[in-house]
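Presented below is the structure to which this report refers.
The values are calculated or read from the model by the stated rules, or taken from the named source; none is laboratory data. Everything numeric in this text was worked out from a predicted model, so none of it was measured. Ideal geometry is used to build each Cβ from the backbone, glycine not excepted, and the neighbour counts take in all protein chains shown. Side chains included, ligands, DNA and RNA excluded: accessible areas come from the protein's heavy atoms. Shrake-Rupley method; radii C 1.70, N 1.55, O 1.52, S 1.80 Å.
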Amino acid sequence: MATNWGSLLQDEQQLEELARQAVDRALAEGVLLRTSQEPTSSEVVSYAPFTLFPSLVPSALLEQAYAVQMDFNLLVDAVSQNAAFLEQTLSSTIKQDDFTARLFHIHKQVLKEGIAQTVFLGLNRSDYMFQRSTDGSPALKQIEINTISASFGGLASRTPAVHRHVLSVLSKTKEAGKILSNNPSKGLALGIAKAWELYGSTNAVVLLIAQEKERNIFDQRAIENELLARNIHVIRRTFEDISEKGSLDQDRRLFVDGQEIAVVYFRDGYMPRQYSLQNWEARLLLERSCAAKCPDIATQLAGTKKVQQELSRPGMLEMLLPGQPEAVARLRATFAGLYSLDMGEEGDQAIAKALAAPSRFVLKPQREGGGNNLYGEEMVQALKQLKDSEERASYILMEKIEPEPFENCLLRPGSPAQVVQCISELGIFGVYVRQEKTLVMNKHVGHLLRTKAIEHADGGVAAGVAVLDNPYPV
Ligand code: ADP
Ligand code: MG
């Protein structure tokens, strides 16, 4: 994709002035992060990194991503309710991957006891890149779906004003008007509010499971603020707090510091290093409760890379979404090549293909949060080492998406404005609420565009690689 900001990106002096204006506007709008030096304090904060200009995205692909979001919501929800599918899909992975195994064992334990929860809340974000095809036209391909702690809905609600500002300074009023309004934090809060309401106790509150050191707190506050505006109170606690002060009554209602909890919203608990033994016990306690967990443990498992890979097998979507051929077709159109590395002929063939053309594949472990995937020479070394070991079942192989690079200017605290070759990743936020077997809400609630320099293979905004952006529809 060519950009129409081309000549603007050449004028260094103008870029500097625009960058100053953009940064001030970002700070004024609340596009904020705590600093890495003081991750527990809001005394000193800075702006979250962002692009100086919005990046061009074909309208058709934006529309396609929005149109398939409700299907993804249905699919994740169907997977989470299908214990047999989860067990079968993850059986080889959990023998090799301790983190997935621990999640899975909590899932089994709660199933055995009987699930107390009756209201289910999904807040997810499906991420895509734009694969350039041989005829030059880009295609929407899913990178992954995040079913736990999907972030940046709050800050993404505040970046459109910044890009409109930049374009207005340049007297590009018409262009400024094309920047889409976006308010995922409101939509995510409406989902939480619905689950809270269905839980049915006006005195109950929302529990946000927070990390001790949280640089991205303003993103979370945006959702908390929306809830408070609806008279729904949010308390922030860590897993440690829950293990000390959380309890269940005889009906498995959850109480923390004497307050009943209607909804548990996890912004922690998606990486192994976030769990001490004590934290695992707290997670089990939360999972056993009748509060609506976002996500419940089955939904977290539905977001693993292994599940994503198995869903791409012929017949799987049809089995999970019977009688919905149109949804199945929309979903499948977004799938890139995904390959199992389980022991056996199929896995052997996948490894041979990747070793023969390493630049066309990505090796992924069952991890979230960026920076875990292997590419190029590193992938080759890992595959050679894993080839004859059962351990390979803890990974999947994925086709590497190669978008057409474009130029933009990246702004980061402490670094000079930098014009570089970039690629973008589009995320769509999805919200659904189910009570027992009845779906009472299913929608998309906004988008997130993240852009990074092409030299970085992996990593998002929190990992310090990508920056916030807005799609400029063309
Ligand atoms: P995580 O759960 O750690 O966020 P992802 O699957 O989203 O894992 O991968 C992290 C990053 O790696 C993505 O944001 C993207 O930039 C890059 N990436 C992942 N899969 C692919 C792929 N198939 N092709 C190209 N880049 C990819
Ligand atoms: Mg990701």
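Please get the size of the charge dipole for the chain, origin at its Cα centre, with Cβ charges of +1 on Lys and Arg and -1 on Asp and Glu, quoted in debye to the nearest 20. Please report the intermediate quantities before stating the final value.
Working: 50 positive and 58 negative charges, 135 e Å.
With Lys and Arg at +1 and Asp and Glu at -1, about 640 debye.
Hey, rough spin-label estimate for ASN203 and ASP135, points 7 angstrom out along Cα→Cβ, what's it come to in nanometres?
Each label point lies 7 Å from its Cα, and together they span 6.5 nm.
Taking H as built 1.01 Å from N, whose amide H comes closer than 5 Å to the amide H of ALA466, not counting residues under 5 places away?
GLY460, VAL461
Quickly estimate the mean residue ellipticity at 222 nm for the chain, helices only: each DSSP H run with n ≥ 4 gives -39500 (n - 2.57), and the total goes over all residues, rounded to 500.
Rounded to the nearest 500, it is -11500 deg cm²/dmol.
The chain: percent of C-alpha pairs farther apart than 44 Å? Working shown, then result.
Details: 12475 of 112101 pairs.
Value for the chain (Cα pairs over 44 Å): 11 percent.
Taking all protein chains as present, what is the carbon and sulfur share of the accessible area of the chain, in % to the nearest whole number, probe 1.4 Å?
That fraction is 48 percent.
Just how much of THR438 is accessible, in Å², when a 1.4 Å probe is used and the result is rounded to the nearest 10?
Accessible surface of THR438 is approximately 80 Å².
Using only the alpha carbons, work out the radius of gyration and Dmax of the stretch 338-400 in angstrom.
10.4, 31
Apply the Karplus parameterisation 6.51 cos²θ - 1.76 cosθ + 1.60, with θ equal to phi minus 60°, to every residue of the stretch 110-117 and state each ³J(HN,Hα) to the nearest whole Hz, in sequence, with x for glycine and proline.
6, 4, 5, 6, x, 7, 7, 5
What does the convex hull of the alpha-carbon atoms of the stretch 25-176 project to on average, in nm²?
14.7
Taking only Cα atoms of the stretch 144-300, what ratio of Rg to Rh do you get with Rh as the Kirkwood inverse-distance radius?
Values: Rg = 18.0 Å, Rh = 16.9 Å.
Reported Rg/Rh (Cα atoms, Kirkwood Rh): 1.07.
What are the ³J(HN,Hα) values, in whole Hz, obtained from phi via the Karplus relation 6.51 cos²θ - 1.76 cosθ + 1.60 with θ = phi - 60°, for each residue of the stretch 346-358 in sequence order, with x given for Gly and Pro?
So the J values, rounded to whole Hz, are 4, x, 4, 5, 4, 5, 4, 4, 5, 5, 6, 9, x.
Any idea of the accessible area per residue across the chain, 1.4 Å probe, to the nearest Å²?
Working: 19250 Å² over 474 residues.
Solvent-accessible surface per residue comes out at 41 Å².
Decide, for the stretch 110-173, between rounded, prolate and oblate: order the square roots of the alpha carbon gyration tensor eigenvalues as a ≥ b ≥ c, take rounded if a/c falls under 1.5, and otherwise choose prolate if a/b is larger than b/c, else oblate.
Numbers: a/c = 5.41, a/b = 1.65, b/c = 3.28.
Oblate, because a/c is 1.5 or more while a/b does not exceed b/c.
Rounded, prolate or oblate, given the Cα gyration tensor of the stretch 286-332, with a/c below 1.5 counting as rounded? Mind dumping the intermediate values first?
On the way: a/c = 3.33, a/b = 2.02, b/c = 1.64.
Cα axes put the stretch 286-332 in the prolate bin.
Quick check on my link table: of LYS353/LYS400; LYS108/LYS443; LYS364/LYS400; LYS213/LYS306; LYS141/LYS174, which ones sit more than 22 Å apart, alpha carbon to alpha carbon?
LYS108/LYS443; LYS213/LYS306; LYS141/LYS174
Please state the relative contact order of the stretch 251-375 as a whole percent: Cα pairs under 8 Å, 6+ residues apart?
Numbers: 97 pairs, mean separation 26.5, N = 125.
Value for the stretch 251-375: 21 percent.
How long is the gain from GLN385 to GLN14 if the chain were fully straight, where each residue apart is worth 0.36 nm and the alpha carbon distance is subtracted?
On the way: separation 371, 0.36 × 371 = 133.56 nm, distance 5.11 nm.
Between GLN385 and GLN14, full extension yields 128.4 nm more.
Jot down the per residue volume, in cubic angstrom and as a whole number, of the convex hull over the alpha-carbon atoms of the stretch 324-474. Write down the numbers at each step before the final one.
Working: hull volume 28.1 nm³, N = 151.
Looking at the stretch 324-474, the number lands at 186 Å³ per residue.
With a cut-off of 15 Å, note down the residues of the stretch 46-60 whose backbone N falls inside the zone around a label point 7 Å from the Cα of GLN418 toward its beta carbon.
Label zone hits: 49-52.
Which value results when the Cα radius of gyration for the stretch 90-209 is divided by 2.2 N^0.38 Å? Could you put the intermediate results ahead of the total?
Details: Rg = 21.0 Å, N = 120, 2.2 N^0.38 = 13.6 Å.
Against the empirical 2.2 N^0.38 Å value, I get 1.55 for the stretch 90-209.
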